[in-house]
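The values are calculated or read from the model by the stated rules, or taken from the named source; none is laboratory data. Quantities reported herein were computed from a predicted structural model and do not represent experimental measurements. Virtual Cβ from ideal backbone geometry, glycine too; neighbours counted across all protein chains shown. To get the accessible areas, we keep the full protein, side chains included, count just its heavy atoms, and leave off ligands, DNA and RNA. Shrake-Rupley method; radii C 1.70, N 1.55, O 1.52, S 1.80 Å.
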Amino acid sequence: MFSSRNIHFAILGIILGATSGYIFAFYQVQSSMPRAMPSAQAQSRPDVNNEQLLTMFKDALAKNPNDTTLMTRYANFLFDMGKFAEAVQWFQKVLALQPGNLDVRTDLGTALWNAGQKDKAMAEYQAALKADPKHVSTLHNLVIVHLEERDTAAAEQVLKQIEEIDPKYDGLASLKQRLSEVKAGGK
């Protein structure tokens, strides 16, 4: 019933899932939130550094080379580490297997933008919006890149699109705040 291979994959999945979840939770902490005191549960987790995680991802990818979920998590991890060029390569690998994955296409655009390939990034955002003009994640990122370029008119236009699509979108308030800051001369 249970082969050693199945058990091996189950253990690997648990380790990668727990580690990835821990990392993603760590990187999702908003800068505006006060630092929480470490809990006893958090202190009981083993310390794993980024290099160890890179090794774990590479080992898992060697065993599961076409696992798009794992590939996407690895690309996001590379992105979070500031390794944008490597993240681009992995997002492209995912898109080769799942060309219709608009979330990954948007992530590819964001990685390209951060890698300094702004024209390619905009092409990816436009490709995602061509497939789904109401893809809010892509629109969200377009607002951010327009604000980085100080193009407040374009940012406002895209922000209005988001409001029309989903007036209760969670990121709306933060995007409006960021737009106000840029208009006021801030970052």
Selection status of Glu181, part of a helix (DSSP H, G or I) and more than 20 Å from the chain's Cα centre (by Cα) = yes
Matching option when the condition is without any contact (Cβ under 8 Å) to a residue 40 or more places away in the chain and of a type in the set (A, V, I, L, M, F, W, C), among Ala111, Ala60 | Ala111
Collect the residues in the range 81-112 that are open to solvent by 20 Å² or more (accessible area, probe 1.4 Å) and closer than 22 Å to Asn49 by Cβ, keeping them in residue-number order.
-> Met81, Gly82, Lys83, Phe84, Ala85, Glu86, Trp90
Selected residue (criterion: nearest to Trp113 (Cα to Cα)) from residues of the range 131-185 that are open to solvent by 30 Å² or more (accessible area, probe 1.4 Å) and among the small types (Gly, Ala, Ser) | Ser137
Tell me, which helices (runs of 4 or more DSSP H) wholly within the range 18-83 include 2 or more residues that are under 30 Å from Ala96 (Cα atoms), modelled with pLDDT of 90 or more and of a type outside the set (S, T, N, Q)?
-> 50-63, 68-80
For the range 110-124, does any single residue satisfy the condition of being of a type in the set (Asp, Glu), within 27 Å of Met81 (Cα to Cα) and assigned to a helix (DSSP H, G or I)?
-> yes
Verdict on Asp119 being over 22 Å from Ala173 (Cβ atoms), touching a helix residue (DSSP H, G or I) at 6+ places or on another chain (Cβ under 7 Å) and either among the basic types (Lys, Arg) or open to solvent by 20 Å² or more (accessible area, probe 1.4 Å) (or both) | no
